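Here's the structure we're looking at; comments come further down.
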Amino acid sequence: MNSADFRSHAHDLVDWMADYLDGVEEFPVKAQVRPGEIAGRLAGSPPDAGEPMATILADFRAVIVPGMTHWQHPSFFAYFQANSSRPSVLAEMLTAALAAQCMMWETSPAATELEGRMMEWLRQMIGLPEGFVGSIQDSASTATLCAILAARERVSAADGVGVNETGMNDLGVVTAYCSVEAHSSVEKNVKIAGLGRANLRKIPVGGDFGMLPADLDRAIEADLANGCRPACVVATVGTTGVSGFDPLRAIGEVCRKHDVWLHVDAAWAGNALVLPEMRWMIDGVELADSFVFNPHKWLFTNFDCSALYVRNPAEFVRVFDILPEYLKTRDGSSVTNYRDWGIQLGRRFRALKLWFVIRSYGVEGLQRLIRSHIEMAHSLAEDIEMAEDFELLRPPVLSLLCFRFRPNGADEQSLDEINERLLQTINDSGKLYVTHTRINGTYAIRFVVGQTSTEPRHVWEAWTTIQDLARDLQPAGRSAPD
Ligand code: PLP
């Protein structure tokens, strides 16, 4: 493609992107396609000769777009959002044009120094204590893996050498801890880190879904008594299913007592810390060794962008640094080389979109949006509570709530099945997208407000649609009259 063609197509694409974001509401939120349908429309083999960009773009519109779930749709209330914004998209366009590989200072000095500054801005914005130093990772899953690897090294280095040097042969049983509500990435990471799934202790939660610190203490004591080596506790601020909050101070004190690494997973809820009134969520965070949250979930910065903070960078970097001849540079250790802060060598320039977003909205603009999401969730909860045939199962603390349809006369057993069907019907309508969870075994519809362009009218329309579809539901096994 020559420069003139690039310029012309780029202009067209910017128009397409602007129209898409303006009109995203016109699409069904969840892709209305069957498995294999899109693959069936793609060429089975690559083209021998290059094709005109106009043809490729036409196929993008005709084949790809209909097969997409529209995460930027204002009626996307599923999972946790991966919200974006126009300033973020602009920055990503520049990132793609620069196409820099930001593995170390020398390969992209501005990217490295901007990343350092953005991590400091974010630290101030969310009220993390001074001394926490951050880097950008691709995801909270990776960030938590890094923390577990650092914790594994700490516990093994207590003997002198450390597992990084000698491997795990003589390590014995290393244990990790999280609550029963923690994200699945903790268990996955414990497997990857070689600790073994059986050595992850899932600590019970109290009525408010927060981990019980006394149970954690007892579990660590029992492991020590059995000759195990407790390495890491992962505490969650804003659990995925129901938005529970582990009490960091009490957990941190248990960790200090036993010299166990405390990692805090605040992947979603951490974004709400831009609101000073929400800082209660991290009371005691100064006792943590590491902390992660995802601006790509709820800070209008498109995927991927995960902010990982550590209290002692030297202890952390020691786990990841490695210096082959071909990576040696004149500036050496006098500069920050983020390749030593995680698993990847090659790194994307992710700080640019944060810089664009934070400067474009300002902290007050970001606070306004997040506050509005929380208000919308609370207002919906009030409506649900007033509806006689619905039951609020988890009121929102932030902007996540859970509920179920509870028609008159339905017995407890059939309610799960009714709500499962209701969820499918809602999502098949294309009007909104929600997901589910189980609360103490009960099937619940889970609703999160957090999309950049969501306004109260979208939540209201969603609630109206849910009620209409619920009341039209036929009891199982009975078909609609002709
Ligand atoms: N931790 C929590 C609490 C989450 O809710 C999620 C995802 O929703 C994750 C971790 C995983 O995040 P990522 O997709 O960035 O790995």
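Which residue pairs have Cβ atoms under 6 Å apart, sit 6 or more places apart or on different chains, and have a first residue in region 79-100 that is within 16 Å of the ligand (Cβ to nearest atom) and a second that is open to solvent by 70 Å² or more (accessible area, probe 1.4 Å)?
82/71; 82/303
Would you check which residues across region 230-264 are touching a helix residue (DSSP H, G or I) at 6+ places or on another chain (Cβ under 6 Å), assigned to a strand (DSSP E or B) and within 10 Å of the ligand (Cβ to nearest atom) and list them?
Residues satisfying the conditions are 234, 237.
Taking residue 170 and the conditions (1) away from the ligand (no atom under 15 Å from the Cβ); (2) under 23 Å from residue 250 (Cβ atoms), which numbered condition does it fall short on, given that it satisfies the others?
(2)
Hey, could you check region 296-340 for residues that are modelled with pLDDT of 95 or more and among the basic types (Lys, Arg) and say which is most open to solvent (accessible area, probe 1.4 Å)?
311
When you scan region 232-264, how many residues do you find that are open to solvent by 10 Å² or more (accessible area, probe 1.4 Å) and among the aromatic types (Phe, Trp, Tyr)?
1
When you go through (1) away from the ligand (no atom under 12 Å from the Cβ); (2) surrounded by fewer than 24 Cβ atoms within 10 Å (Cβ to Cβ) one by one for residue 216, which number turns out not to apply?
(2)
Taking region 265-295 as the region of interest, how many residues are over 18 Å from the mean Cα position of the chain (by Cα) and either assigned to a helix (DSSP H, G or I) or surrounded by fewer than 24 Cβ atoms within 10 Å (Cβ to Cβ) (or both)?
Of the residues in region 265-295, 11 are over 18 Å from the mean Cα position of the chain (by Cα) and either assigned to a helix (DSSP H, G or I) or surrounded by fewer than 24 Cβ atoms within 10 Å (Cβ to Cβ) (or both).
Taking region 341-386 as the region of interest, how many residues are touching a Ser or Thr at 6+ places or on another chain (Cβ under 6 Å), open to solvent by less than 20 Å² (accessible area, probe 1.4 Å) and farther than 30 Å from residue 405 by Cβ?
4
Regarding residue 106, is this residue open to solvent by 50 Å² or more (accessible area, probe 1.4 Å), more than 20 Å from residue 315 (Cβ to Cβ), more than 16 Å from the ligand (Cβ to nearest atom) and at pLDDT below 95?
yes
What are the residues in region 301-334 that are of a type outside the set (S, T, N, Q) and either within 16 Å of the ligand (Cβ to nearest atom) or assigned by TED's automatic domain parsing to the domain that holds residue 374 (or both), if any?
If the condition is that a residue be of a type outside the set (S, T, N, Q) and either within 16 Å of the ligand (Cβ to nearest atom) or assigned by TED's automatic domain parsing to the domain that holds residue 374 (or both), then 303, 304, 305, 307, 308, 309 are the ones that fit.
What pairs can you find where one residue is in region 297-320 and farther than 30 Å from residue 70 by Cα, the other is within 15 Å of the ligand (Cβ to nearest atom) and among the polar types (S, T, N, Q), and their Cβ atoms are less than 8 Å apart, with a gap of 6+ or different chains?
Taking only residues 6 or more apart or on different chains, the pairs are 309/290; 310/290; 311/290; 316/290.
The values are calculated or read from the model by the stated rules, or taken from the named source; none is laboratory data. These numbers were taken from a predicted model, which means no experiment stands behind them. Note that we place each Cβ from the backbone using ideal geometry, even for glycine, and neighbour counts take in every protein chain shown. Quick note on the areas: whole protein, heavy atoms, side chains included, nothing else; ligands and nucleic acids left out. Shrake-Rupley method; radii C 1.70, N 1.55, O 1.52, S 1.80 Å.
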